[in-house]
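Notes follow the structure.
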Amino acid sequence: MTESTRRAVVTGAASGIGAAVARSLAAQGIHVVVADIDAAGASALADEIGGSSWAVDLMDTRALTDPVLADALSGVDILVNNAGIQRINPIQDFDPQDFRNIMTLMLEAPFLLVRAALPGMYANGFGRIVNISSVHGLRASPFKSAYVAAKHGLEGLSKVTALEGGAHGVTSNCVNPGYVRTPLVVTLIAELATVHGIPVSVVLSQVMLTESAIKRLVEPEEVASIVTWLASDAAAMVTGASYTMDGGWSAR
């Protein structure tokens, strides 16, 4: 099996980091399944890169039955768990349903996908699982209890997968970016600039990136470059690791 004959599933791939990852993997000749709740967006990107689409609501774990996942992940060699959401509130004001939703989408769904993908990977003696974590998988920030808890959990799931999969040719790693230039983050920056009455550049340097040595957003393509390497043959000995791309945030 060569890299050009491999099959990848990327969740949350209709835009942002997921779309950049899908394009980067496809450029290596890998067939990419673009998985997203946005059916139209997933289909459009799949057409662009010569892949296929999977319209799926990963929040609805009851719909992720074994037969559904077995079919969607049939023959998958590379699984990129990227789908995510964010909610911000102090713990005492955090809606319990919002907490459950984040944990479901960003921890339980990756577990179910990994669980479904591993038998085929084991049978083939090859597999690459890449989890898009965050600097918040390694550090905490106030008001993000659910997001931080989910990303910390994802780090643990990734390491257990690495330990179990090593004997079967399967690696599992996390990529940990800081703030990435996605539509969600760009909108957040504009809103913060309006609320505080300050320029966007000041929002970046003095509000969002105070802990970073490099005062700029991470580009989605930069995240995709690490994911693509981790999915390659060159990274066969890299497993159970967490690759920070946070401009120095976690160096503190």
So what is the 222 nm mean residue ellipticity for the chain from helices alone, if each DSSP H run of at least 4 adds -39500 (n - 2.57) and you divide by all residues, rounding to the nearest 500 deg cm²/dmol?
-12500 deg cm²/dmol
Given a 10 angstrom Cα cut-off, can you work out which residue in 128, 115, 62 is the most mobile in a GNM of the chain?
62
Mean 1/r over all different Cα pairs, inverted: what Kirkwood radius does region 111-250 give, in Å?
16.3 Å
Hey, got the dipole for the chain? About the Cα centre, +1 on K and R Cβ, -1 on D and E Cβ, debye to the nearest 20?
560 debye
If each K or R counts +1 and each D or E counts -1, the residues other than residue 188 whose Cβ falls under 15 Å of its Cβ total +2
Three semi-axes of the equivalent ellipsoid, the chain, Cα gyration tensor, whole Å, largest first
29, 19, 18
When a footprinting reagent is the concern and you count Cβ atoms within 10 Å, what order do 47, 98, 246 take, fewest first?
47, 98, 246
Please rank 215, 144, fewest neighbouring Cβ atoms within 10 Å first, as an exposure proxy.
215, 144
Of 224, 162, 213, which has the largest mean-square fluctuation in a 10 Å C-alpha GNM of the chain?
213
Can you return the aspartates and glutamates within cross-link range of residue 215? Criterion is Cα-Cα under 16 Å, with same-chain partners fewer than 8 residues away left out.
246
So how do 17-25, 183-191 stack up, highest first, on mean other-Cβ count within 10 Å?
17-25, 183-191
Listing 136, 196, 168, 152 from the residue with the fewest other Cβ atoms within 10 Å to the one with the most, what is the order?
196, 168, 152, 136
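Given a Förster distance of 30 angstrom, what is the FRET efficiency for residue 192 paired with residue 27, based on the Cβ-Cβ distance and rounded to 0.05?
Working: r = 34 Å, r/R0 = 1.14.
Given R0 = 30 Å and the Cβ-Cβ separation, E is 0.30.
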Length-normalised contact order of the chain, Cα under 8 Å, at least 6 apart, in percent, tallies to 19 percent
What is the percent of Cα-Cα separations in region 1-98 that go past 19 Å?
44 percent
Excluding residues fewer than 8 positions from residue 159 in its own chain, the lysines with Cα under 16 Å of it are 151
Which residue fluctuates most in the GNM of the chain (Cα springs below 10 Å): 173, 124, 82?
124
Calculate the length of the line joining the C-alpha centroid of region 128-149 to that of region 23-83, in whole Å.
22 Å
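None of the figures in this text is laboratory data; all of them are computed from the coordinates on show. Model, not experiment: these values are computed from the prediction. Quick reminder, even Gly has a Cβ in these numbers, built from the backbone with ideal geometry, and neighbours come from all protein chains shown.
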